[in-house]
1. Glu517 is checked against (1) farther than 25 Å from Ala308 by Cα; (2) open to solvent by less than 60 Å² (accessible area, probe 1.4 Å) and fails just one. What number does that condition carry?
2. Against the definition (at pLDDT 95 or above and under 25 Å from the mean Cα position of the chain (by Cα)), how does Leu297 come out, yes or no?
3. So, in segment 441-484, exactly how many residues are in a helix (DSSP H, G or I) and either open to solvent by less than 10 Å² (accessible area, probe 1.4 Å) or among the charged types (D, E, K, R) (or both)?
4. Looking at (1) aliphatic (A, V, I, L, M); (2) open to solvent by 20 Å² or more (accessible area, probe 1.4 Å); (3) not in a loop (DSSP other than H, G, I, E, B), find the lone condition where Leu132 falls short.
5. Of all residues being among the hydrophobic types (A, V, I, L, M, F, W, C) and surrounded by fewer than 16 Cβ atoms within 10 Å (Cβ to Cβ) in segment 248-294, which is farthest from the chain's Cα centre (by Cα)? Just the residue, please.
6. Of all residues in segment 356-372, how many are assigned to a helix (DSSP H, G or I) and either in contact with a helix residue (DSSP H, G or I) (Cβ under 8 Å, 6 or more places away or on another chain) or modelled with pLDDT of 95 or more (or both)?
7. Somewhere in segment 320-337, is a residue farther than 30 Å from Lys547 by Cα and in a helix (DSSP H, G or I)?
8. Could you please give the count of residues in segment 299-315 that are in contact with a helix residue (DSSP H, G or I) (Cβ under 7 Å, 6 or more places away or on another chain) and more than 13 Å from Asn166 (Cα to Cα)?
Amino acid sequence: MQLLLPLGFFPESLNGPTSSRLISLVVFCFKRLNMGDWAKKAEDQEVSKLVDQLNIESGSPYSQNNKSSDSNLPDPNSGEDGEPDVADPAETSLLIKILGKGLVNTKLSLDIQQKNPNSPLHSIKTFEALHLKASLLKGIYAMGFNTPSKIQETALPTLLADPPQNMIAQSQSGTGKTAAFVLAMLSRVNIGLNHPQVLCLSPTYELAIQTGEVAARMGQFCPDIKLRFAVRGEEVDRSKKIEEHILIGTPGKLLDWGLKFRLFDMKKITVFVLDEADVMIATQGHHDQCIRIHKMLRPECQMLFFSATYDKEVMDFARLIVADPTIIRLMREEESLDNIKQYYVKCKNEDNKYNAIQNIYGCISIGQAIIFCHLDQKQLALFSHCMTRSTRGRMVKTSAYGVSRCGFGLSETRRTAAWLAAKMTSDGHSVAVLSGDLTVEQRLAVLDRFRSGLEKVLITTNVLSRGIDIEQVTIVVNFDLPVDVRGNADCETYLHRIGRTGRFGKSGIAINLITDEKSMKVCTDIEKHFKKKIEILNTDSADDIEKIGT
Ligand SMILES: Nc1ncnc2c1ncn2[C@@H]1O[C@H](COP(=O)(O)OP(=O)(O)OP(=O)(O)O)[C@@H](O)[C@H]1O
């Protein structure tokens, strides 16, 4: 079995940090090989009937929104077509029946949840039913996936269909979107052709690496499929065309390689995946780069957009640039998962916020925690400078260590990750800080240490709000609630942040720390937006805290 490891999967020419990551990934894949899980197959008659019904009633398994395929892209700011906020209910009601139900009980085991037709993790069919290549099926089972989740079961037949169909898909955080599009990417590769055929764009370095790791694991029995990361720090020989089949990376790097250096031909791309599509469309820098790439692709290229959230403008825009997409959407109240219990804590001031965290830690056992802060640029720059100097490239006890060494201005800049990290460290917690201001190597090192459990608390910013998949995270704390530039609730970011816990049906806790009317209003607006209760938690009461931990 060891001989089947995906050595051929890894590009020969990789050097730098990513290649060593790939080596450890081989080891990782090897460790995780679990061929004992082959057998389990769950069929649920009732929901199978629903799907059959769906086929009959809609004439197509999925909603079709036949928008223009015009490759002359419209002005993203002009969006005046007045489309409804959610997809036409008549078109999507059946889909929503399958996808939209929240998880019902956080305490149920994964298996039970997957058998529950009301759970978005419920599987209607088996992976075999998708008629995948045997080597891919083997990879899926080796990852421990027995049955597809709802998004996988619903999306994969369309993703794998011939002729290829475009898709704009939404499913809640941690329900298996990445695995779905990665499977589609791997299935589409023609190993007879030695050039890039699949592009997968991620908003951050970490997410690109994580997606590549999923692809490597899933493709571990497909040694001929080659993948390459197109991320910051990844060197490329400009005199040689890229030969790997799949490129996963950030838009800027892919644009450099494809357009500036012409190291591969965009016209030969057959699958284009936009992960976290809404942020890729809505964020200025990403938007421009993604659209430039998109414009260079052939109209026949399969476009796959995935995210847990799409606001109206983003969805309208996506529907304009993706020709005839199959759209899988959730209703607003179904976007947040019931397995993530949400609370808010009223605090008098920043110090009091810290006390709330202390009290929670004192009363319940927490696997790993992610704490989201707002960091202003000045603080970040100073903090990062201190860290670089104090650690000399090594990431040991990163943040707090660096902070104390450089004498970070604790008094007036209390509301910072550094301040929080220092305080938590002095209380005996093992803490790491990850912000967009670190070098990519530092960021990856911090994340790796946290992922492997060396640090139990990760203090971070929105840079890690999306996609990062760490099973052991049981609690997410919004030390500062996410707001947009005008100070209004940033509901999408909130949902992605809390989605770092409660992965694939596990139970999770999200805690929002509130200090004033402004932050209370943000919290209430988020509650109203998702139509999901955020309960008050009194962290001065051990009894109350214990209740949330049960
Ligand atoms: N069919 C499956 N069976 C068991 N586990 C699965 C299955 N599909 C995905 N998973 C696991 O569930 C976790 C979440 O999956 P994934 O990261 O694909 O979710 P996502 O929807 O992309 O999340 P996000 O919205 O945060 O990006 C991962 O650890 C993944 O390995």
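The values are calculated or read from the model by the stated rules, or taken from the named source; none is laboratory data. None of the values given here were measured: they were computed from a predicted structure. Here the Cβ is made from the backbone with ideal geometry for all residues, glycine too, and neighbour counts use every protein chain on show. Surface accessibility is based on the protein's heavy atoms, side chains included, excluding ligands, DNA and RNA. Shrake-Rupley method; radii C 1.70, N 1.55, O 1.52, S 1.80 Å.
1. (2) is the only condition that Glu517 fails.
2. So Leu297 fits the description; yes.
3. 9
4. The one condition Leu132 does not meet is (3).
5. That would be Phe261.
6. So the count comes out to 6.
7. Yes, segment 320-337 has at least one match.
8. Number satisfying all stated conditions: 6.
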